[in-house]
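The numbers here are math on the coordinates, done by the rules we state, and not lab data. Remember, it's a predicted structure, so these values are computed and weren't measured experimentally. Quick reminder, even Gly has a Cβ in these numbers, built from the backbone with ideal geometry, and neighbours come from all protein chains shown.
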Amino acid sequence: MQSPNASSHIFPNALCLLLAATFLTLPCQAATITLHPDGTGDYPTIQSAVQAATNGDTIELTSGTYSGPGNTDVSITNKSLTLRSQMGDPTQVTINCQAGPSDPHRALMVTGSQSSGTLIEGITVINGYGYPTTIHSAGAIFIGTNSHTTVRRCVFENNHVGMTWDHAGGAVYVDYHSTGTFEECEFIDNSAYFGGAVGVNHFSSATFSHCRFLDNQAGRGGAIWGNSTRKTQCLFARNTANEGGAIWGNGYNEEYSENCTYSENGAPLGGAIYAYANYGSPVTLINTVIANSTEGAGIWAADNVILEISCSDLYGNAGGDWTESFADQVDLNGNFSANPCFCNPDDNDYLLCADSYCLPANHPWGCDQLVGAYGLGCSSCACDGPVSTESSTWDQLKAFYR
C-alpha cells in the first residue's frame with residue numbers, strides 16, 4: 001500500500017528530470033580557448049585545441065611565433081571554428097611553417113561541409129611549402145571538400161609549392177566545391193605553377209576585397225589562377241607569370257574586377273590578365289586601372305571571350321593597352337587611356353595625385369566614380385599625359401549616354 005506521502009517523493013524526482021531534459025536541449029555557450037607560443041595556455045598546440053573544440057568555439061593565439069609539430073599542418077575537419085590572433089593584428093602572431101621542398105609543411109587545412117563558417121583572422125603565415133605530390137598543394141592554407149572559409153586581415157609571405165605542372169596555390173588553394181572569402185589580406189612573394197598566391201579549382205570560387213598582391217610569381221596567374229573570382233578594391237603590383245602576370249582566368253564563371261589597380265605586372269601573354277574562353281564566361285572590368293605592365297599587353301583574351309569594360313583606364317602597358325578584340329572600347333562607356341599618376345609606387349603607395357584622371361572630378365568623359373583601388377593621396381604630380389582621343393562614331397557616343 002502506498003504511503004500518504006508517496007506523491008511528495010515522486011513529484012520532486014519528476015520535476016528534476018523535466019528540468020534536466022530542458023537544460024540539455026539548450027544550446028551550449030561557445031568557448032574561447034587561449035594558446036601561448038611557448039605551449040602554455042589551455043592546450044599546448046593549435047592542433048590539440050582544434051581537436052578539443054566544438055562548433056562555434058574560438059581559438060585565440062596570443063602574441064608570438066607558432067611553429068613545429070601541432071602548430072603546422074593543422075587540420076580542421078567538419079568543424080566550424082574561429083582561429084584568430086588575440087589582438088586581431090597579423091603583425092603580432094606568426095605561424096612559421098619552417099618548410100622547404102624536402103620538408104613540406106603548410107599552416108592549415110580546412111575541409112568538410114561542417115566546416116562552413118570557419119574564420120581565420122589576424123594571422124601571418126610564412127615559409128610554407130605545399131606537398132609536391134598532389135595538386136592539392138597550397139603553401140599556407142588548403143580549403144576544400146565542400147567547405148567555406150573566411151580569411152580576414154591575414155598576411156601570407158614567402159609561401160611556395162613547386163613550379164611544375166599540378167602545383168597550385170603558393171599561399172592558398174580553394175578546391176572541390178568550396179568557397180573562400182578574403183578580406184583585407186596581403187599576399188607577398190609567394191609562388192606556384194598555378195596561382196602564385198591563390199589557386200581556385202574544381203567548381204570552387206573565391207572573392208577578394210581590399211586585398212593586396214605584391215611580387216608573387218607563377219607559370220599561370222602570378223597572383224590568382226582558376227575560375228570564378230571576384231575582386232573589389234584590390235591592388236595587384238609586380239606579379240609575374242608566363243601567362244597572366246596577375247590573373248589567369250579559365251572562363252568557368254565570370255572574372256570580375258571592380259575598383260582594382262593593376263600596376264607593373266608582367267607576362268608574355270596578358271601582362272595583367274589572361275582570359276581563357278574554355279567555358280565562355282565574360283570578363284568584367286569596372287572602374288579598374290591596368291597600367292605599366294612590364295611585359296605583354298595589359299589584357300590577353302581569346303577571340304570568343306566577352307570583355308565588358310566600363311570606366312576603366314588602360315595605360316603604359318609594354319605590349320599595348322586597348323588592343324585586338326577590344327580596341328574599339330576605348331573612349332566608350334567611360335573608358336580611357338591616361339597616366340593614372342600614382343603618388344609613390346616605389347614604396348607601394350598607389351594613392352592618386354591630385355591631377356590624376358582617375359579621380360572623379362578629373363575624369364575625361366565625366367565618369368563620376370573613382371577609377372582604381374585608391375583615391376586622392378598627394379598634391380599634383382604633373383605626370384599626366386595626353387588622354388586618348390581616338391575617334392568614335394555618333395552612335396557609339398549616344399550609346400554611352402543611354
- Query: Taking a ≥ b ≥ c as the square roots of the eigenvalues of the Cα gyration tensor of the stretch 120-251, is the shape rounded (a/c under 1.5), prolate (a/b larger than b/c) or oblate?
  - Reply: rounded
- Task: Identify, among Leu307, Pro37, Thr145, the residue whose Cα sits farthest towards the positive end of the charge dipole of the stretch 30-342, taking +1 on the Cβ of Lys and Arg and -1 on the Cβ of Asp and Glu, with the dipole about the Cα centre.
- Result: Pro37
- How far is helix 6-25 tilted off the main Cα axis of the chain, in degrees rounded to 10, range 0 to 90? 20 degrees
- Note on the structure: With +1 at each Lys and Arg Cβ and -1 at each Asp and Glu Cβ, the charge dipole magnitude of the chain around its Cα centre, to the nearest 20 debye, comes out at 1300 debye
- Highest GNM mean-square fluctuation among Asp331, Asp368, Asp321, for the chain with Cα springs under 10 Å, belongs to Asp368
- the stretch 187-261 shape via C-alpha gyration tensor axes, a/c threshold 1.5: oblate
- If we count other beta carbons within 10 Å of each Cβ, what is the order of Ser63, Ser115, Ser102, fewest first? Ser102, Ser63, Ser115
- Item | Charge dipole (the chain, unit charges on Cβ, about Cα centre) - positive-most of Cys211, Leu108, Leu235 | Leu108
- If you build a Gaussian network model of the chain, linking Cα atoms that sit under 10 Å apart, which residue out of Ser80, Ser113, Ser204 swings the most? Ser113
- Message: I want to verify a result. In a Gaussian network model of the chain, Cα cutoff 10 Å, which of these has the top mean-square fluctuation: Asn78, Asn159, Asn344?
- Response: Asn344
- Message: Taking loop as defined by DSSP and a crowding limit of 16 other beta carbons within 10 Å, which chymotrypsin sites (Phe, Trp or Tyr not before Pro) in the stretch 178-237 fit?
- Response: Phe203
- Cα-projected label distance for Ser63 with Gln92, points at 7 Å along beta-carbon direction, nm: 0.7 nm
- Determine, from the Cβ-Cβ distance of His177 and Thr40 and an R0 of 35 Å, the FRET efficiency 1/(1 + (r/R0)^6), rounded to the nearest 0.05. 0.35
- Might you report the magnitude of the Cβ-based charge dipole of the stretch 99-232 about its Cα centre, with Lys and Arg at +1 and Asp and Glu at -1, to the nearest 20 debye? 280 debye
- Task: Can you bin the stretch 41-100 into rounded, prolate or oblate? Criterion: square roots of the alpha carbon gyration tensor eigenvalues sorted a ≥ b ≥ c, rounded for a/c under 1.5, prolate for a/b above b/c, oblate for the rest.
- Result: oblate
- Item | Added length on full extension, which subtracts the Cα-Cα distance from 0.36 nm per residue, Thr150 to Asp347 | 68.0 nm
